[in-house]
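See below for the structure under consideration.
Quick note: the coordinates plus some simple rules give every number you see, no bench work behind them. All values derive from a computational prediction rather than experimental measurement. In this analysis, Cβ positions are derived from the backbone assuming ideal geometry, glycine residues included, and neighbour counts consider all displayed protein chains.
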Amino acid sequence: MALSATLHNFAVQLADVDRGVYEDLELRLARHPSETAEFMITRLLAYCLEYQEGIAFSDGGVSSTDEPAVLVRDLTGRLTAWIEVGAPDAERLHRGSKLAGQAAVYTHRDPAKVLAQLVGKRIHNADAIPLYSFDRDFIDAAVTAIQRRNTATLSITERLLYLDLNGTTMSTAVDKHAVG
C-alpha cells in the first residue's frame, strides 16, 4: 500500500522589504512521504522569497521529474521562472534555465557540496543562476517548529530573513552563491 502525502497548511504574513512585497498567503503544502521536513521548509522559503504573480508549487512536488519544486507562469501560461530546491542535477538546471529564461536554487544542504556537483557541467546561462542557502541551525529550528497547521510571519530585509513559526522566532542570512 502506497503512503499518501501529508498536508501542511501555512498562514504566512510576508514582508519582503528588499523587493517591496507585502502579502498574506494561505498555502497548502503536500509533503510526499519521501520528502524531508528540511526540503519542505526550504520549498516554503523559496516560494516566499520568489513570490510574484503566477507563482505556484509544482504538482508533483519532490517526485516531479518534469517541473521544479516552485515555478512561475505568466498570464499566457508560459513558464517564466524555474526554482529548484535542494541539490538539483546540472541537467535539470540546464533544462529549466533554457525553458524559463530565469532559474534559481534554494538549498538546505551545504552549498559548497551542491556547487561542487555542478562544476564543469553544461548549464544554460549558469552565470545568471543564483544558489541561495540558509544557516543549518535555522533550518533545524524551523523543522522543529512545523505542525500540520502553521502560522508564520516572514520578514526579509537586506537579505536577512526573520521567521516566527508557530511562536518560535529565528533568523538567518540568505547567502547567495554563483552557480556559474
| Where nothing but the Cβ of Lys and Arg (+1) and of Asp and Glu (-1) is charged, how large is the charge dipole of region 18-120 around its Cα centre, in debye to the nearest 20? | 260
| Qualifying trypsin sites (Lys or Arg not before Pro) in region 146-180, DSSP loop, other Cβ atoms within 10 Å at most 10 | Arg148
| request: Work out the charge dipole of the chain with +1 on the Cβ of Lys and Arg and -1 on the Cβ of Asp and Glu about the Cα centre, then indicate which of Ile123, Thr144, Phe57 is farthest towards its positive end. | output: Ile123
| task | Filter the trypsin sites (Lys or Arg not before Pro) in region 1-102 to those in DSSP coil with at most 14 other Cβ atoms within 10 Å of their Cβ, and list the result. | result | Arg19, Arg78
| task | Positive end of the charge dipole of the chain (Lys, Arg +1 and Asp, Glu -1 on Cβ, about the Cα centre): tell me which of Ser155, Val105, Leu27 has its Cα farthest that way. | result | Val105
| How large is the charge dipole for the chain, taken about the Cα centre, if only the Cβ atoms of Lys, Arg (+1) and Asp, Glu (-1) carry charge, to the nearest 20 debye? | 440
| task | Check cross-link reach from Lys176 to the aspartates and glutamates: straight Cα distance under 15 Å, and skip same-chain residues fewer than eight apart. | result | Asp18, Glu50, Glu84, Asp110, Asp127, Asp135, Glu158
| Where a ≥ b ≥ c are the square roots of the eigenvalues of the C-alpha gyration tensor, would you call the chain rounded, which needs a/c under 1.5, or, failing that, prolate if a/b is larger than b/c, or oblate? | rounded
| field | Exposure rule at most 16 other beta-carbon atoms within 10 Å, DSSP loop GluC sites (Glu not before Pro): the chain longest free segment | value | 54-157
